[in-house]
Amino acid sequence: MKTGRIIKSISGVYRVDVDGELYDTKPRGLFRKNKFSPIVGDVVDFEVENVTEGYIHHVHDRKNELKRPPVSNIDHLIIVMSAVEPDFSTQLLDRFLVIAHSYHLRPRILVTKKDLTTDTIASQIKQNLAIYEAIGYKTQFIGVNDDVNDVFQAWGSGLAVLSGQSGVGKSTLLNHYFPELELETQHISKSLNRGRHTTRHVELYERSNGFIADTPGFSALDFDHIQKDEVKHYFLEINEFGEQCKFRNCNHIKEPKCQVKSEVELGNIAQFRYDHYVQLFNEIANRKERY
């Protein structure tokens, strides 16, 4: 029996890495019977059938997982945004952050295409990133000439997952680090201001101090698993100041003696962050039940 990490999954075949040795494995029928599927990132025990193939017997407990795209045991979730093409959006960023926190992941923020910006746009993005850093997020703002190895090293060891909108440069970033991959990239759709999906499955690539995952881009963000009363906990500064509200179940919308609204007026919570919170709260509150 060997133990390794699943680095790729296509058509029911799971490629497992064991200290650099690769095995194509399939799960035992028991998994199908229990309606449980291994996913990329899982640590598994498998029995070797021949030199490079085997059968998975056991999946170790996951410390965390993303549902879409499916990947587990994440040490660093890197939310990749672009400065331009598609344009940087704090609203979209906040939605990604909420999704990340809902899966108990602590995300980092990486903004690409610095070299394509004007001084005005770059200055505005830096001001926005300073707000996120004050909240507690680690941020990076990079251009094509930045050393990708330095960018990756800053994340620390373990499994790093690149996630974000299509067309923001995730595959381009990986191509700089792994030229041999020649990952497909796409031009941005001018009408939609976003890229087409170029990554069609999750795959892990070995980096100097761990693995990095390229994941399919998002065309839509799914909040179906989040209840309206949970949203406030996923805006970190709102959650922190919310502890001081008069009413324990305050949702910081119309309730009296709300510390969060006071902090917005004082400038201690960015107005755009609060606006995005209210918008998302109302969106989830007003969604129709699906049958």
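Rolling a 1.4 Å probe across the protein heavy atoms gives segment 1-151 an accessible surface of 51 Å² per residue. Placing pseudo-labels 7 Å out from each Cα toward the beta carbon at GLU21 and MET1 gives an inter-label distance of 1.7 nm.
Can you give the relative contact order of the chain as a percent, counting alpha carbon pairs under 8 Å and 6+ residues apart?
Details: 498 pairs, mean separation 41.4, N = 291.
It rounds to 14 percent for the chain.
Candidate values (i) -0.62; (ii) -0.92; (iii) -0.52 were compared with log10 I(q)/I(0) by the Debye sum over Cα atoms at q = 0.10 Å⁻¹ computed on the shown model; the agreeing label is (i). Here is the P(r) of segment 66-214: all C-alpha pair distances, binned every 10 Å from 0, give 11, 43, 39, 7 in whole percents.
Ranked by the mean number of other Cβ atoms within 10 Å of their residues, highest first, the peptides 105-112, 162-169 come out as 162-169, 105-112.
Relative to its Kirkwood radius, the Cα radius of gyration of segment 228-286 gives an Rg/Rh of 0.91.
Computed from the Cβ-Cβ distance with R0 of 22 Å, the FRET efficiency linking ASN239 to GLN127 stands at 0.45.
Sum -39500 (n - 2.57) across every DSSP H segment of at least 4 residues in the chain, then divide by the residue count to get the 222 nm mean residue ellipticity, nearest 500. Don't skip to the end; give the middle numbers.
Working: 8 runs with 79 residues, N = 291.
Computed mean residue ellipticity for the chain: -8000 deg cm²/dmol.
The listed residues MET81, MET1 rank as MET1, MET81 when sorted by accessible area, largest first, using a 1.4 Å probe.
Please tell me the relative contact order of segment 228-286 in percent, rounded to the nearest whole number, where contacts are Cα pairs under 8 Å and at least six residues apart. Please list the in-between numbers first.
Working: 49 pairs, mean separation 21.6, N = 59.
With pairs under 8 Å counted, the relative contact order is 37 percent.
Measuring from each cysteine beta-carbon in the chain, the ones with no other cysteine beta-carbon under 4.7 angstrom are CYS258. Selection among GLY143, HIS276, VAL48 by position relative to the dipole of the chain gives HIS276 as farthest towards the positive end (Cβ unit charges, Cα centre).
Here is the tail figure for segment 2-61: Cα pairs spaced more than 14 Å apart come to 45 percent of all pairs.
Computed extension length for LEU266-GLU65: 68.6 nm, one decimal, from 0.36 nm per residue of separation with the Cα-Cα distance subtracted.
Between SER208 and LYS257, what is the FRET efficiency for a Förster distance of 51 Å, r being their Cβ-Cβ separation, to the nearest 0.05? Before the final figure, lay out the partial values.
Details: r = 52 Å, r/R0 = 1.02.
Once the sixth-power term is evaluated, E becomes 0.45.
Once C-alpha pairs closer than 8 Å and six or more residues apart are averaged by separation and normalised to the residue number of segment 2-61, the relative contact order reads 34 percent.
About its Cα centre, the dipole of the chain is roughly 1140 debye, where the only charges are +1 on Lys and Arg Cβ and -1 on Asp and Glu Cβ. Among THR117, PRO70, HIS176, which residue has its Cα positioned farthest towards the positive end of the charge dipole of segment 66-214, with +1 placed on the Cβ of Lys and Arg, -1 on the Cβ of Asp and Glu, and the dipole taken about the Cα centre? Toward the positive end, the furthest listed residue is PRO70. Between the beta carbons of GLU180 and ASP87, assuming R0 = 25 Å, the FRET efficiency works out to 0.20 to the nearest 0.05.
The values are calculated or read from the model by the stated rules, or taken from the named source; none is laboratory data. Computed from a prediction, not measured in an experiment: that's the story for all the values here. Methodologically, a virtual Cβ is constructed for each residue, glycine included, from the backbone with ideal geometry; neighbour enumeration extends over all protein chains shown. For accessibility, only protein heavy atoms count, side chains too; no ligands or nucleic acids. Shrake-Rupley method; radii C 1.70, N 1.55, O 1.52, S 1.80 Å.
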